[in-house]
Amino acid sequence: MTLTLRNGCAILAMLLFYYPVTLMAEQDTRMIDTRDTGDRRASAGNQWRLVTDGVMGGVSQGQLTAGAIEGRPCLRLRGDVSLQNNGGFIQMALDLPDAIRREVSGYTGLMLEVYGNGEQYNVHLRTEDIWLPWQSYRATFSATPQWQQIYLPFSDFQPHRISTGLDVARLERIGLVAIGREFTADLCLGKLGLYKSQ
C-alpha cells in the first residue's frame, strides 16, 4: 500500500514538473509547417515550390514530393546537383504567409526536423531588401539518415552577395537548398517553425 502511494506521488510530481515545461515549449514555438496537409501546402498556408538552377541556365535536376519516411509525413527534395552551365542548386522554397511574417521578429531563429542522406544543405532566407536571384542570407546544416531537430538562430545567417544585414521583420521566403557542388540530394522536411530561446 505504501509503495503504491509512493509511486502515485512520484508520478504526480513528474506530471506537475513536465507539464509546464511542455506547455512553455509549445508557446515558444510557432509552427510554419507540420506536414499535415498531405501535399505541397504548408500547414500555415502557401505552397512549397521546387526551384532549380534551370532558371539561370543550369542543368541540375530535382523533384519535390509529399511522402513519408519511417512513418512520418514529410516533404522530400530529391535530385542531382550539377555545376554545368554555371549552375549548382535545387531547392524547396516557401513564401511566408502574412500572419507568419508579422510574427517573425519576436523569435530567435528557425527550427527544422529533417532526415537526409548525410550531406550538407543550406537554409536560404530572402527579405524585401533582396532583388537579385543570387542574393540571400545563408546557414548550413548536416542532414543525417535519421530524424533530427536542428535549431538555426537568425544571428547565424550570413549575407551572400548583399551588403545589408538580415532584418527578420522583412523576411519573405525560406528555402532549403542543395547547392555548391555536384552530389545527389535527398532531404526530407518533417517540421518547420520559429523558436524562442529560453
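The values are calculated or read from the model by the stated rules, or taken from the named source; none is laboratory data. These figures come from a predicted structure and were not determined experimentally. Cβ: placed from backbone, ideal geometry, glycine included. Neighbour counts: every protein chain shown.
Here are the numbers for the structure shown:
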{"item": "Strands (runs of 3 or more DSSP E) contained in region 140-198 and holding at least 1 residues of a type in the set (Val, Ile, Thr) and at negative phi", "result": "148-153, 171-179, 183-195"}
{"item": "Flag if Gly87 is of a type outside the set (Ser, Thr, Tyr), within 23 Å of Phe141 (Cα to Cα), surrounded by 16 or more Cβ atoms within 10 Å (Cβ to Cβ) and modelled with pLDDT under 95", "result": "yes"}
{"item": "Filter result for Gln120 (surrounded by fewer than 12 Cβ atoms within 10 Å (Cβ to Cβ), at pLDDT 95 or above and within 19 Å of Leu192 (Cα to Cα))", "result": "no"}
{"item": "Test: residue in region 171-189 that is out of contact with any helix residue (DSSP H, G or I) (no Cβ under 6 Å at 6 or more places or on another chain), among the acidic types (Asp, Glu), loosely packed, with under 13 Cβ neighbours inside 10 Å and more than 20 Å from Gly67 (Cα to Cα)", "result": "yes"}
{"item": "Pick from region 138-156, criterion out of contact with any helix residue (DSSP H, G or I) (no Cβ under 9 Å at 6 or more places or on another chain) and of a type in the set (Phe, Trp, Tyr), ranking: nearest to Gly79 (Cα to Cα)", "result": "Phe141"}
{"item": "Selection status of Leu96, of a type in the set (A, V, I, L, M, F, W, C) and closer than 27 Å to Thr29 by Cα", "result": "yes"}
